[in-house]
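Heads up, the thing below is written out as structure tokens.
The values are calculated or read from the model by the stated rules, or taken from the named source; none is laboratory data. Being a predicted model, the structure only gives us computed values, none of them experimental. As a convention, Cβ positions derive from the backbone with ideal geometry for all residues, glycine included, and neighbour counts pool all protein chains shown.
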Amino acid sequence: MNLFWQIVLFCGAGYLLGSLSFATFIAQRHGVDIFREGSRNPGATNVKRVLGKAAGNTVFILDFLKGSAAVLIPLLLASLEYREMLAILALLAAILGHSFSVFMRFRGGKGVAVTMGGLIVLSPVVVLIGIVVWLVTFFSLRYVSLASILFGLSLPISSYFLVESYWVTGFSLLIAALLIVRHKSNIVRLKKGKENSFFKDGPPPR
């Protein structure tokens, strides 16, 4: 199979995987329309706020795994010389599918768990550093949005200093930019001191 059809195949598979909205599926099983509750974002964080820790963690794990699967498929099946490139393109397609799901009228989540799942396969040290950044930020400040933004910003920095391939470093830069854009409304609320937090006395979900 030539390169063009490999791109079509693996990016198509990645996009469809990403488009599976586990947040929506799990919320529906609980009789909840996640687009109408909490922050109205179909992601693990909002599910956790609305339905509790077990449901939120389940969504996170499933989103993480679909990111990993999107990368593993081309790594296992693509032509050897194009595997890394195709894996990154497939992961990007999965993130786009998660954010703009064809099954959800092109709505979706912010793609942090999907990004983590894919990058842990491609560049485990880079993503592990990012996860540490996320955990330290979240448990010290309790803002998921800020933790996610700093996670994204850590990726290209870690990639650069670990001398990752141009593909991984370039992808990391793109992900950092995408996460900032997807969290634009959160950044505005952070500046105003109105962002949702996991403190007991934090502001109510919007």
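For residue 52, the conditions (1) assigned by TED's automatic domain parsing to the domain that holds residue 22; (2) crowded, with 20+ Cβ neighbours inside 10 Å all hold with the exception of (2). Right, residue 86: in contact with a Cys (Cβ under 9 Å, 6 or more places away or on another chain), in the same structural domain as residue 12 (by TED's automatic domain parsing) and over 20 Å from residue 196 (Cα atoms) or not? Here the answer is yes, as residue 86 does meet what is asked. Pairs meeting the criteria (first residue in the stretch 167-194 and in contact (Cβ under 8 Å) with a residue 24 or more places away in the chain, second residue among the polar types (S, T, N, Q), beta carbons under 6 Å, at least 6 apart or on different chains) are 168/123; 168/159; 172/159; 175/115; 183/145; 186/145. Residues considered: 145, 172, 159. Of these, the only one that is closer than 27 Å to residue 36 by Cα, at pLDDT 90 or above and surrounded by 16 or more Cβ atoms within 10 Å (Cβ to Cβ) is 145. Residue 75 meets the conditions (1) among the hydrophobic types (A, V, I, L, M, F, W, C); (2) surrounded by fewer than 18 Cβ atoms within 10 Å (Cβ to Cβ); (3) more than 18 Å from the chain's Cα centre (by Cα); (4) more than 19 Å from residue 127 (Cβ to Cβ) in every case but one. The failed one is (4). Looking at the stretch 15-27, can you tell me whether even one residue there is more than 24 Å from residue 179 (Cβ to Cβ), in a helix (DSSP H, G or I) and touching a residue at least 60 places away in the same chain (Cβ under 8 Å)? For the stretch 15-27, residues more than 24 Å from residue 179 (Cβ to Cβ), in a helix (DSSP H, G or I) and touching a residue at least 60 places away in the same chain (Cβ under 8 Å): absent. Considered as a group, the residues in the stretch 93-102 that are within 13 Å of residue 22 (Cα to Cα) and at pLDDT 95 or above include one that is farthest from the chain's Cα centre (by Cα), and that residue is 101.
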